[in-house]
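Here's the structure, in structure tokens; my notes come after.
Coordinate-derived values only; no laboratory data. Since the model is a prediction, treat every value here as computed from it, not as a measurement. Every residue, glycine among them, receives a Cβ derived from its backbone with ideal geometry; neighbour counts consider all protein chains shown.
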Amino acid sequence: MSIRERMSGNEAVATALRQIDPDVFAMFPITPSTEIPQYFAQYVADGRVETEFICVESEHSSLSACIGAEAAGCRAVTATSSAGLSFMNEVLYVAASLRLPVVLAVSCRALTGPININHDYSDSMAERDSGFIQLYAENNQEVYDNLLMAHRIAEHSSVRLPLMICQDGFITSHAIENIELEEDEEVKKFVGEYHPENYLLKKENPLAVGPYGISAYYMEARVAQAEAMKRAKQVILEVAEDFRKTFGREYGFFECYRMEDADVALVIMGSSAGTAKVAADALREEGIRAGVVKIRAFRPFPGPELCEVLKNCKAAAVMDKSEGFSACGGPLFAETSGALINAESRPKLIDVVYGLGGRDFTVESASEVFKRLCGIAKGAEIGPVYSHLGVRSL
């Protein structure tokens, strides 16, 4: 039976990790994720978990410690943000290439420069090609639920990839919301125990971890990794279905909001989706058929499924909360437009970069984008495909 509670997104992450009780938590603090290990340290001090809690000297070291623990056969977790995630860059690729299912909680925050501690996705998007599965949350409930599903996905025998649970720094990480928690024993039962097939301390099957990949083998290893990411799509859906049957809350690759007959739509991620939904509701009152697609799984990217959802739209805006510096748009736009390129039926598509460094995204902002799409849907010129929203006049 669910327990009604109020807590921040960071506390929701720490609570989920307490219930899972991983073997190792390697930590180094950075705003706005510091509360996650802070809460967990209290659980350790109170004897509520059996986790080995390791304080290390940097974010690079925290993920390195997780890699060592996972290679030895343990379930390992950590948390970080912004420059901390960037400092992990080298070992993110190591964890993924070694097929070690580390779970990493990220409270997403803008990257320097200039120095900024507020929210956007420049940190997580910079690591989108590291080989980590990436799931994004709109609210505190979703970040908690994503954590409960994370190990089931990452540790699946057909996947064995690390997984990044992303939430919006400060917007959800520090905001207190109503949330439904599950009973500790029910969580443990759902997540299950970790029983890796092969690991360093398995005396029956000695093995090496991290060998040198010469040219004759490197590409095959990378292709095997890529195939595992493809297989993760089916596992994400299977785990979500089991989660629905067990706890009653439903998830998929994305959430479709009022998309059944939408002429115009926003493709968006994270907490901004709530704002976009309010704008869509208001426009529906005016007779404008507006809808929202909130992306939850960015890696693996649900391209064919997104094409199916958007095929009857006349115009859509991809909302990027990260600058791609490609001169063509942001990373979500690159993925979405790439997925749609060969679709027989597809909307006119624009990219809008917004919210960088914590810049406000309001209902009025979302409505402004929707109304631009209405003009495009009626035959007006598309105008700049790639633009920025809410920038002061230069």
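Taking chymotrypsin sites (Phe, Trp or Tyr not before Pro) as candidate sites, keep only those in a DSSP loop with at most 12 other Cβ atoms within 10 Å, then name the longest stretch of the chain containing none of them.
1-211
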Top positive-direction residue, dipole computed over the chain with Cβ charges, set Ser173, Asn312, Phe190: Asn312
Exposed-site-free run, longest, the chain (rule: trypsin sites (Lys or Arg not before Pro); DSSP loop; at most 12 other C-beta within 10 Å): 1-202
Order of His119, His156, His174 - criterion: other Cβ atoms within 10 Å of each residue's Cβ, fewest first: His174, His156, His119
Simple Cβ-charge dipole of the chain, Lys/Arg +1 and Asp/Glu -1, about Cα centre, in debye nearest 20: 920
Highest-fluctuation residue, Thr112, Thr78, Thr172 considered, GNM on the chain with Cα pairs under 10 Å: Thr112
Mean residue ellipticity at 222 nm from the helices of the chain, using -39,500 (n - 2.57) per DSSP H segment of n ≥ 4 over the full residue count, to the nearest 500 deg cm²/dmol? -12500 deg cm²/dmol
Pairs of Cα atoms under 8 Å, at least six residues apart: use those to get the relative contact order of the chain, whole percent. 16
Length added when fully stretched, Lys378-Ile214, from 0.36 nm per residue minus Cα-Cα: 53.5 nm
Would you kindly state how much longer the chain becomes between Thr246 and Glu5 on full extension, computed as 0.36 nm times their sequence separation minus their alpha carbon distance, in nm to one decimal? 84.9 nm
Name the most mobile residue of Leu356, Leu200, Leu332, meaning the one with the largest mean-square fluctuation, in a Gaussian network model of the chain with Cα contacts below 10 Å. Leu200
Run the Debye formula on the Cα coordinates of the chain, all scatterers equal and no solvent, and tell me log10 I(q)/I(0) at q = 0.10, 0.11 1/Å. -0.64, -0.78
Among Met219, Ala208, Pro162, whose Cα lies farthest out toward the positive end of the dipole of segment 3-247, if unit charges sit on the beta carbon of Lys, Arg (+1) and Asp, Glu (-1)? Met219
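According to the square roots a ≥ b ≥ c of the eigenvalues of the Cα gyration tensor, what is the shape class of segment 297-394, taking rounded for a/c under 1.5, prolate for a/b larger than b/c otherwise, and oblate for the remainder?
Oblate is the answer for segment 297-394, as a/c is 1.5 or above yet b/c matches or exceeds a/b.
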Exposure proxy check: Ile30, Ile153, Ile133 ranked by fewest other beta carbons within 10 Å? Ile30, Ile153, Ile133
